[in-house]
Every structure is written in structure tokens, then in C-alpha cells.
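Visitor: Dropping the structure in here first, questions after.
The values are calculated or read from the model by the stated rules, or taken from the named source; none is laboratory data. Just so you know, these numbers come straight off a predicted model, no measurement behind them. Counting neighbours? That spans all protein chains shown, and the Cβs are built from the backbone with ideal geometry, glycine included.
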Amino acid sequence: MGEYNPDRPYVLGMQWAPMVKAPLVLDTASEVGYTFRTATEQVDRVWLRSTSTPPGRPTRTELLVNLYQADVIAGTGPVRKLVIPCASGALLAGAALAGSATSVENAVANPSDPRHIALTGPGAAARFWFATTGAAAQAALFRRRILDVSVLYVMSGPFADLAEPVTLGLERPSAGVVWPMDETLTGPALHEAATEVRRSRLGELNPWWSTAVTPLTTKWRMPYNWAGQASPTSGLTAWAASGGTNINVRLQVAGSALEDAVFHVHYLALEVTYGEENRLGGGGLDISEGAGQQGGAYYEIPLFGMYNYGFPVSMRRGARYAVTVGRAHSGQLSVASTVPVPVDRLGTVDALPSLRGVQLRKTIREGAVPSMETVNDLPAIVLYEGSPLPGDADSRSHVYLAQAIGTVSERFFGGDLMQRIIDDKAGTYVWVRFYARHLPGTREPLYLYQADPADPWMSLGPRATISVDEFEMLPEVADGWREVTLRLDPPLETAGGGGVLWWAFASSAEDEAPWQVLGADAEPGSGGPSTISDATYGGAEAFATIDDADDRSADLTLMLIREMDEVTGLVVQPAVQPLAVVDDQCDRPSGGIPTGIRYHRLAWNAVNSEVVAGWGAYEVQRQDDTMDDEAWETIALVAAPNVTAVDDYEARVGVESRYRVRMVHRIGVPGPWSAPVAATIPAPGVTGTRVDVGALILTSNHNPAGNLAYVTNQDRNAGEDFTFPEARDVELRAMYGRDYRAAFRPLERGGVEFTRTVLVNAVAVPAQTLDRGFRSLRDLAWDQVPYVCVRDELDNRWLATLLVPSGSVRRKRQRGQMQLAQVTVVEVADTPEPVDGGPAPCEGLRPEGHTTQVYAAADTPADVGWNPLAADDQFEREVPAGGFGSTDIPGDPWAVVSGPPEDLSVTGGVGVIQLAEPLNANPYFETDVAGWEPTGGTFVRSTEHAHEGVASGLLTPSGEDGFVFVECEPGPETVPGTTWRFAAWVRCDVSRDVVLSLYWFDDDGDLLDLDESDPVTVPANTWVQLSFSWTAPEDTAQVAGDVYMPDEAPPSHRLFIDEAGITPEPVDRKVVTGPAVRDVEVHARVRITRPPGGEPINAYLHGRHVDEQNGYTARLAFVPDGTVGVGLEMLHDGEPIVLAELETARDWQGEEVPVGVGDWYWFRMQVRGQVVRASVWKDEPGSYWPGWTVQELDGTLPAAGLAGVGAGLSPGN
């Protein structure tokens, strides 16, 4: 089914409303398409669909299709160009070298010398090949996107005498086919008159993409590529030389030329325009034969892989992609046809997050970059895979081609217009939304009810009604359509057990003035099921009935909506914003100068449920005693669900204000209001000495940092003047035949205007700070805010712009200087402009690391856009073993949660976490075997084999003793109850069993106990890692280990031992830093220095680390089978909980991310609201963030916490 219900479970039904029709004629300068989330893993062609065919035969017209990752549609980077010289050529009939040229390539290498090729008489021709296999071409074009191929040329001759004197074509001599590309070559009559190097564009699609077919035998096209990969594809390397199925550029004089006509070729080269390869797939189609017909016109365009040229396009199920189409430039002949190629585009006013239209503006100008814009209009492009044709459609393709308009009148009554809605979510739905319009003269209301499937005329209970008068009060959206949102009576209770809910429209309106309800149709004129109708809202299960006929390819836009969550915990607290003194040298308060502004600080509990997935905003409203009882004004629309506080600097002074908050869904449906909370800003609204009369408070919720307050007049009896500008706009006009003059007034009111002189400073001011007070006032007047809220202590308020025309400084005999400024207040609004609440708290800890050492660096991935950073650390310091020190921003110390502090250090610009350093002596045997004692044989250093470094220890049995082992001396100190791990890599000349043992010693060095692993069979001549863990018994003080060969061991059973180390277990390190934030994103670069053994090697990212018992963790596992896995875990009250099992990571092309020793990987974790998610991808050129690998909803740990990194070795490594 299609992705037309993205807000489930809060919204059920078809959400896409095609109110706008925007047909488009395809051109060569742009591509149009949409973004989507794929439901398949492979695609090999698309259907571009339209309701109309071209109005003529589009000869040589070619269409192209491209498939991108959704975030790199315009990601080619700056356009670059490469000129490739001619490497060789062949002279055909009528062609000759001239001007002392020694070869074809010599003749056309330099446009300024006399050397050239002469083409004499009708049909004269020459072939040219280019140095496309050279090092320069390979370095520039390998795995790059070729945007255009052109032939640069300089020619002279009698071009004015013929209409098409010389034709440029692409030829495959072995096939005997010349494919003409350009018939408009031109030049001056004489070489001396040449003024420029001309260009013949071959375009972006290769007609000779296959070695097995020709442009005459296939209509398929492929984008140019440097070299073909999948057989039988070929690229520009086939243009390098003659022979085989190679291609050449051919110049040929027209057959109508005179016998003595001579055309001179002075210069010829290939120009390739290229950028970074940002496509997953691409393809093209020659539509000279017109469009196909099936439920409308369609063009079936092939789609080939671009990264692996010619192979099928692989995608990752659930990832976001973009598919676009356009008209291709494929040589001058491809754009010669004037027949337009129209396509349909339907659009909504507000795009769905799951489907967004895109338009790409292309460019081939050197140094320029393409641009992409999001639009609401979507063409119908269906992606297909498999056979028989047309194959299986990607159910997340956008398939709707036309509006479906259902009519409701007394003729088409109950059951004649219906929509089925999938019932797969249990819940209570109280709202219904649809789009409707009516013809003039409609008087009867429109009804909607849940219909009985057995008898659609009968209602099952929930229903809604809208009258014509109520409908007319709604705003028109487009073309008469209005959005209707009604409350169901009674609410609908869904079971969520599957099946469909039937909803019917009805009205007694007359047939001449019916109601109409909007929907979308994927196959106009065809009501039966098909591969296209399977990708509609409900597929074959949920569809519309229009005019009493079932249409399985059509759906009415009809939504059932739950009540939104109620906001709780609203509190309003009084607060004071301090005002800085003008003169920082004066530490005593001054009379008549406000020291602070009183305001209200609002806070509430976050909405933290599934509705966050369809988040719109928190809406905050204010009401005060000067307003009507039903009037409220919106002061904030907070877009981030985790921003739960707003400061209000614009409430009236001296009167009670009341506040309420609700959440609004993304589609505009609001939840219930919170209970109002009252608060009052006491007069005069400011703090300070002698400021209770004449206060003028200048504030803005949009930029509180610029807030100011002054005293204008301390005389309680002084008058204040106001001007009403609208009086100037009244025109009095004498009219013939009428006594008195008539007054004509504008429809708009003019507000209030007044001028005041404010006291900026009343103490002695040094010369260097004289202008500081004026500057703050002028800056506020110049600030880019919707208005400045001007208030006084008498509950007056004006939303105004400020004018500061002048200021003055007056000397006072005893008090030095007094600064005064003239301020004109011009009222510009009477309704507050809501603030957006600001960005969500961010979150930018970015460690990077590998499993035996974890580095933290400050490289910022390009796609991180959150600000400000919660923590940032460049590690540009030296810290000895014992810790990391403090971060650069904000300067909080790194704290070790698990593992000894001595395993942490900072050196060489990186933070290092030492994970697993063996604590026994000499585990690697690089110089000797000191610290190890053999029994039943000899133990020496050997360079014959080594698993790590250059040497290992060699245990050779004597053949005389039944016990053959080598034991390390007791070393690591321990305490009872701790777990220790002994691991070693072993290799034997023959296949045999090997055992590991752990010895436990007390304080006196006496052996307490010995524990052995089970025997492990080691294949001959194969390195195998053995691992054994055990808990230290009572009275243990030291631990040792041995490698033991059980049973009979002759001298031929030589055993090589390397990396034999004893370490505490679990091998786990965790380090965190602050400040504590609730929502956080952590990035890390991770690598491993050796392959995993029997179990994964793990790296971790941590968020909301509240304490050692609570926090979220993302796990990156390097798995022994060669794959990379990502999982999510939580520690709650000390109990480890798996939120998401390991999921195999896939790259942006859908391929499994492989384990590469020494390779870097980006590891990303995000905790936001209830959403916890993580992903991984390789850090290499051409690799992109693939989207989230794992994602879960969990509200167990809502509190803010620290963020950090960690790593661990699982048992078996």
C-alpha cells in the first residue's frame, strides 16, 4: 500500500489531498519528481504516467529518470570540466591531411596552427577517437557523474551555402551504423576569420551504451559513464581507439555539397562535464514512437545502477530516496522537435512528510552547482521490478494521476459515495476530516456516517454533519475546495483487528447543485485492480465507491483522527530580567533608571507519546482582563516537542493575565486546552528607584536580549499626547445633489502614534561610554522583529515600531550629565506574533574511536545541524594516564563510569581509552619468553609463525612426560569474586585438543585452586583464539594461567602461542561528559585493529546517562561473520534491557556494511523525546549516511543525562 497515511495511529485514512493540478511540459534544464520511502530492495524500471500524450510525434525526443538518496538530490558538487584531446583518427573518402599535418591527431590538436584536415566534396568523412583511457581521464571520471559530453571544434568552409553542410554523428563501424547527433555545425568561410571554439553537445544519455545493440534496435538509453561494468554496457573508454565494438565521432559532408566544396577541420576535442556521482540509478528512453496506453499514457523507462554501472539498482527497504524525470539533452537532434511532452502533477497545500515533490535545476556551467527546491506537486512515477511486465510495483511509489471527484446529491445518496478505511489500530477517534465543495445554489447539508457493509444505507452510529452556512465560513483552499474538520457523534471506537471501515457521504441537495468530495485516482477510467492500484492508499482492500461504482484505483481523502494529548503541569512564575547599567564604572543605583523588567516564565510537562511522530507544535495563548471573555491571543507556537518553556515579556502591566497550552498535530488538529493559570505583572512592571511613574517598557518575545525600559515623565499630573494617523486618511468630498460633504474612509485602521522623551542615563557618564545608552535604544528600533511591545505602568500596550530621531545630553550642576532621547512610537499591529520557541536543546558530543583505543575528536559530519553544542572537545592538550581532563566546550570534566582511570589519557591530539591490556607478564613473546615456565617440553621464542607482531612462543613436547603445558608466573593481583579471562591464540602442526587453565593463589603464594576450560580441537596449521573465564574463589590474591596439551603429545605436536593474556572481565570502559541534556545526538568514528574472534567486538555510544544504573546505549558490533550490527540497549535501575536486537547495517545503496580491519566507520546515536535510534556507515569517499538502522520508542528514562562513549570485548575475543 502507498505511503498516504504517515500519521498512523493518530490518524487513520487517506491523507493526501490533490487540490492543485499543475501540469508541466518537461524540459532539458530541470528534473521533477518526489521523495519516498521504498518498500522494495530492487528496481529496474519506472513508469512515467500522464493523462495526455504528446500532441504530435516527438521524433528523437528522449526522457531520463534518476534515482537519488533523498538528501543528495543536488549533491554533484561544483561542476567541473575535462578536455580530452583527439588520440587517433581515420580518413575516409574525400578526407586528407593538409597544412603539413602528419596525422589525424596532429591535424586537429591546435586551432591556431595551419595544420588541419580537408573534407572535399559530397560525402567526405573522417573518424576520430580520443584519449579517454588516459590517466587524466580515469582520475577525473572514474565513478563520477558525467553531466554532459560535448565535441569542441573549429571548422571553416562554405557553411553558408548549405542548410546542413556537415553532420556530426557517433558511429560503430563494426555495426555499420552512424547515429547522427548534430546537423547544425557551422564556422566561418576562412580559418583566419574564426572567433571562437564551438561546441556540439552530445548531452547526458549515451545512445551506444550497449555492445550488443544499436540505437536503431533499442529505445533504451543510459547515462554516460567512464567505463561500462555489467555486460554488455560500455562507456567513454570505448571511444579511445578503433576495433571491436568501439565508438568514434564521425564528421561527414552533406551529400548535396558541390564537388569542389572543401571544409577544413582545424580543431577537435572531447569536453566532459562532470561532478560527484550522487545517483543510485539512472536511465533513459527514446520516445520517438510515442507513449504507451494503459489507464492513461505512460513511458516505461529503464533504470540501471550508477555506482555499479549497468547492474540492477539495489535499495534499502524503508530508506528515503528521490526519483526524478526530465527531458534529456542527447544531441542537437534530440531537442530539435517542438512537440511538447506533458506530464500531470497533482499537489496538496501542505505536503505529507512521506511524499514531497522536488524540482532540480540542472547546470553544466563550470564552477556552478545545481539547486533543488521542495514543491507540493508530484508527478505519477511508479517504480517496478521483476517480470512479466510490468512487474511488481514498489508500493511506496506515488501513483495517483488525477483528481477523483465524488458527487453527493439526492440522485447519489447514501452508499453511492463511500471510502473504506483500514482498521488496523485500536483507539478512539473523535474527529473526521475531508475536502469538499458545492455548486452555487446548494442549500442542503452534507452528512457523513459510518456505513454498515451489509447495507451501506444504514448508519452504525458515528456521524457528522455540516450545513452550507457553516461550510461557507471555512477558508477556501484552492479551486473551491475547503478543508472540513468535524467532531464525530458519537466517537468511533476501532478494534484494530484488521478489515475495513465503511464511510458514506449523503445529502438531499438537488442534482443541479450537488456537493462534491475530493479524492485521487491512480487509473482514471479503469476501476479494476492492477499493479498500480496495489500502491494506492489501501491497495485492493480499501478503496472508494464513486457514483455507485467501486473504483479500486481511487480513494477519497478521508481521515479519522484521535483526540490529541492534553498538556499538563502548566505553571507560570514571576521573573525579573536584569538591565545592564550604561556606565559600568558606576556601582550605585540611580533614581529614575529601571534596573530590571518583570515578566512571566511559563513551563509545562512534555507530551511524550506516539503523537510525537506527527508533531505540530505547542500552542500557547494569553488572555487578560482588558479582553472579551472568549478572546485569547496566541503568543507562541513551539515547534519542538522537547521545548517546554516560554518566557512572556509582552503581558500587560497591572492586570491579571491567564495562560493555557495545547498541542497541535502536524495536520492542524488541536488537542484540549490545559486549565488556565493566572498571573499578574505588578505595576510599574520594572524594578528600580523612583520608577513607579512614567515607565516606558520596550520588549519583544522574539528577541528578549534587546529589551529596554526607561522613565519618560515622573510628574503624575503631566499630560501625554497621542496622535491618531487614520484621521489624515479620511477624505471629505462634496457631491452633486447632496447636502453636506461625504466622508470616505479606508477599510484599514491606523492605530496610535505618540512621541516621548525618555531618560537614558542620569549620572555622570565618561566620554567613552556616552553613546552606549543611545546605541541600545537605536539597536532595538532597528531590530528585525515583527514589532516592539511598548507598555506603561497603566496597563496600556502598543505593538509598535520605534523611531529614534534624536538624543540630547544636558549638564546638571550637581549630577554631571543627563542623557535624553526622543522616541516616536507607531502602532503597527493589534495581535501578537507567535514565537516559535527556539531550537530544540542540542547535543553535539562527537567522539571517535576503535575497540582497543577510543579516540574523541571534533570533526563534524556534514549532516549535523543541531545547535548549540552540548559538548565539544578538540583534545588539543596532553593528559597523562588517569583521565581526559575537561572538554573544550563547555569545560565539564570527562568522568570514568567503568574501568580504571589509568586506562584513559590524551596524547597526540586524541583521547585514548585503553580497553584490554593483559596484566600478566610478556603476553606477546616479541623479544623472549621470560615469565613463562614449560612442563613436559621446551618453550622458546620463534619467528616461524606469529599472529601478532613478528614472533610467538613455541611449545615443543619432549615426548617423555604425559603433561605438556606452559604456565605464566602469577602476576595480576585480584580479590575474591572478580571474574578473570585468559585468552590466547594457538596454532599446531597437527589437529589436536588444547586446554586453557586459570590458577588461583593466596597472599602467601600458595595454590588455592585450578580451573580448566573444555578441550577445544584446533585444526592443523590454523590460528585459533581460545578464551576461558572464571570467578576467583575465596582468599584469592593472585591469578596465573597455562596453555595445556591433554593426552599424549609427541614432539611433532608443536604448539605456537601468541597474545596469551589475562584480563579482568567484563572488558568494558565507559566515559561520559556534560552538561546533562535530555535530547542528545552523539557521533563517533570507530575502527578495529584486528578482526573479531568467536564473538563481536563492540563500541558504544551513551545518551541520557543519569547515573551508573540508568541510561540509553547504542551498540555497534563487529561480528565474526564479516558484517556490522547495530542495536539499542537500556540500563534501568541497574537491569540491562535490550530495546532493539542487533540489526545488520546496510549502506546507502542497501548493501551490507562489511567489517574492515583498520577502516573507519561513522557511528551515530540520537535520543529525542521517546525516540532512540542509531546507525552506522563507512567513512570513505562516496559513502553517505544511510538513514537510521534501528529505532525504538521508549519513555522509561525521560530525565536529562550525560553523553559519552564506550567500548567492550565480549567473551570469546
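Visitor: Mind counting the residues in segment 101-115 that are of a type in the set (Gly, Ala, Ser), part of a loop (DSSP other than H, G, I, E, B) and either modelled with pLDDT of 95 or more or closer than 21 Å to GLY235 by Cβ (or both)?
Guide: Total satisfying the criteria: 3.
Visitor: What pairs come out if I take residues in segment 452-477 that are within 30 Å of VAL20 (Cα to Cα) and pair them with residues that are of a type in the set (Asp, Glu) and exposed (fewer than 14 other Cβ atoms within 10 Å of the Cβ) whose C-beta lies under 8 Å away, six or more apart or interchain?
Guide: ARG463/ASP489; ALA464/ASP489
Visitor: Here are the criteria: (1) touching an Asp or Glu at 6+ places or on another chain (Cβ under 8 Å); (2) modelled with pLDDT under 80; (3) not hydroxyl-bearing (Ser, Thr, Tyr). Tell me which single one PRO589 does not satisfy.
Guide: For PRO589, the failing item is (1).
Visitor: Hey, another quick one. Go through segment 974-1064 and tell me which strands (runs of 3 or more DSSP E), entirely inside it, have 1 or more residues that are in contact with a Cys (Cβ under 6 Å, 6 or more places away or on another chain), of a type outside the set (Asp, Glu) and surrounded by fewer than 17 Cβ atoms within 10 Å (Cβ to Cβ).
Guide: Where strands (runs of 3 or more DSSP E) fall fully within segment 974-1064, none carries at least 1 residues being in contact with a Cys (Cβ under 6 Å, 6 or more places away or on another chain), of a type outside the set (Asp, Glu) and surrounded by fewer than 17 Cβ atoms within 10 Å (Cβ to Cβ).
Visitor: On to the next question. May I ask you to say which residue of ARG778, ARG772, ARG810 is at pLDDT below 85 and exposed (fewer than 13 other Cβ atoms within 10 Å of the Cβ)?
Guide: ARG810
Visitor: Shifting gears a bit: Within segment 160-180, is even one residue among the polar types (S, T, N, Q) and in a loop (DSSP other than H, G, I, E, B)?
Guide: Within segment 160-180, one or more residues are among the polar types (S, T, N, Q) and in a loop (DSSP other than H, G, I, E, B).
Visitor: Out of the residues in segment 302-321 meeting the condition of being hydrophobic (A, V, I, L, M, F, W, C) and surrounded by fewer than 24 Cβ atoms within 10 Å (Cβ to Cβ), tell me which one is nearest to VAL358 (Cα to Cα).
Guide: Once the filter is applied, the top-ranked residue is ALA319.
Visitor: Please specify each residue of segment 960-973 satisfying the condition of being surrounded by fewer than 16 Cβ atoms within 10 Å (Cβ to Cβ) and either basic (Lys, Arg) or at pLDDT 85 or above (or both).
Guide: GLU969
Visitor: Scan segment 467-480 and tell me whether some residue there is touching a Leu at 6+ places or on another chain (Cβ under 8 Å) and either surrounded by 19 or more Cβ atoms within 10 Å (Cβ to Cβ) or farther than 29 Å from MET564 by Cα (or both).
Guide: no
Visitor: Mind checking which residues of segment 657-681 are surrounded by 16 or more Cβ atoms within 10 Å (Cβ to Cβ) and either within 26 Å of the chain's Cα centre (by Cα) or among the β-branched types (Val, Ile, Thr) (or both)?
Guide: VAL661, MET663, VAL664, HIS665, ARG666, ILE667, VAL669, VAL677, THR680, ILE681
Visitor: Out of segment 639-667, which residues are among the charged types (D, E, K, R), closer than 20 Å to HIS702 by Cβ and not in a loop (DSSP other than H, G, I, E, B)?
Guide: ASP647, ASP648
Visitor: Determine the pairs where a residue that is within 24 Å of ALA22 (Cβ to Cβ) and surrounded by fewer than 19 Cβ atoms within 10 Å (Cβ to Cβ), located within segment 385-403, has a partner that is modelled with pLDDT of 85 or more and of a type in the set (Gly, Ala, Ser) with Cβ atoms under 9 Å apart, the partner being 6 or more residues away or on another chain.
Guide: Sorted first by the residue in segment 385-403, then by its partner, the list stays empty.
Visitor: Hey, another quick one. Which one of these is closer than 23 Å to MET155 by Cβ and under 48 Å from the mean Cα position of the chain (by Cα): PRO114, PRO55, PRO85?
Guide: Only one candidate qualifies: PRO85.
Visitor: While we're looking at this one, here's another question. Which residues, taken from segment 949-967, are over 12 Å from PHE1056 (Cα atoms) and within 57 Å of the chain's Cα centre (by Cα)?
Guide: Scanning segment 949-967 gives GLY949, VAL950, GLU967.
Visitor: Just name the residue that is modelled with the lowest pLDDT out of those in segment 641-652 that are surrounded by 22 or more Cβ atoms within 10 Å (Cβ to Cβ) and of a type outside the set (Phe, Trp, Tyr). Please lay out each step first, then the result.
Guide: Going through segment 641-652, the residues surrounded by 22 or more Cβ atoms within 10 Å (Cβ to Cβ) turn out to be 641, 646, 648-652.
From what is left, the residues that are of a type outside the set (Phe, Trp, Tyr) are 641, 646, 648, 650-652.
Values: PRO641: 80, VAL646: 91, ASP648: 94, GLU650: 94, ALA651: 95, ARG652: 95.
Only one residue tops the list, namely PRO641.
Visitor: Among the numbered conditions (1) at pLDDT 90 or above; (2) assigned by TED's automatic domain parsing to the domain that holds LEU492, tell me where LYS425 comes up short.
Guide: LYS425 satisfies every listed condition except (1).
Visitor: Determine which single condition ALA631 fails, assuming it passes every other condition in (1) assigned to a strand (DSSP E or B); (2) surrounded by fewer than 18 Cβ atoms within 10 Å (Cβ to Cβ).
Guide: (1)
Visitor: Surrounded by fewer than 23 Cβ atoms within 10 Å (Cβ to Cβ), touching a strand residue (DSSP E or B) at 6+ places or on another chain (Cβ under 9 Å) and not in a strand (DSSP E or B): which single residue out of ALA118, ALA137 fits that description?
Guide: The conditions single out ALA137.
Visitor: If you don't mind, another one. For segment 149-168, enumerate the residues that are surrounded by fewer than 20 Cβ atoms within 10 Å (Cβ to Cβ) and farther than 21 Å from ALA96 by Cα.
Guide: Within segment 149-168, ALA160, ASP161, LEU162, ALA163, GLU164 meet the criteria.
Visitor: Testing GLY971 on (1) assigned to a strand (DSSP E or B); (2) closer than 28 Å to THR1031 by Cβ, one condition comes back false. Which one is that?
Guide: Against the list (1) assigned to a strand (DSSP E or B); (2) closer than 28 Å to THR1031 by Cβ, GLY971 comes up short only on (1).
Visitor: Have a look at VAL612, VAL638 and point out the one that is among the hydrophobic types (A, V, I, L, M, F, W, C) and out of contact with any Phe, Trp or Tyr (no Cβ under 7 Å at 6 or more places or on another chain).
Guide: VAL612
Visitor: Here's a follow-up. Of the conditions (1) more than 21 Å from TYR68 (Cα to Cα); (2) modelled with pLDDT of 90 or more, THR324 clears all except one; give me its number.
Guide: Every condition holds for THR324 apart from (1).
Visitor: Let me ask something additional. Counting only residues that are farther than 17 Å from THR1123 by Cβ, touching a strand residue (DSSP E or B) at 6+ places or on another chain (Cβ under 6 Å) and either assigned by TED's automatic domain parsing to the domain that holds ARG37 or not in a loop (DSSP other than H, G, I, E, B) (or both), how many does segment 1136-1170 have?
Guide: Result for segment 1136-1170: 7.
Visitor: Scanning for something of a type outside the set (Asp, Glu), in contact with a Leu (Cβ under 9 Å, 6 or more places away or on another chain) and at pLDDT 90 or above, does segment 291-299 turn up at least one residue?
Guide: yes
Visitor: Taking into account only those residues within segment 682-719 that are out of contact with any Gly (no Cβ under 7 Å at 6 or more places or on another chain) and β-branched (Val, Ile, Thr), which is modelled with the lowest pLDDT?
Guide: Checked segment 682-719; the qualifying residue modelled with the lowest pLDDT is VAL693.
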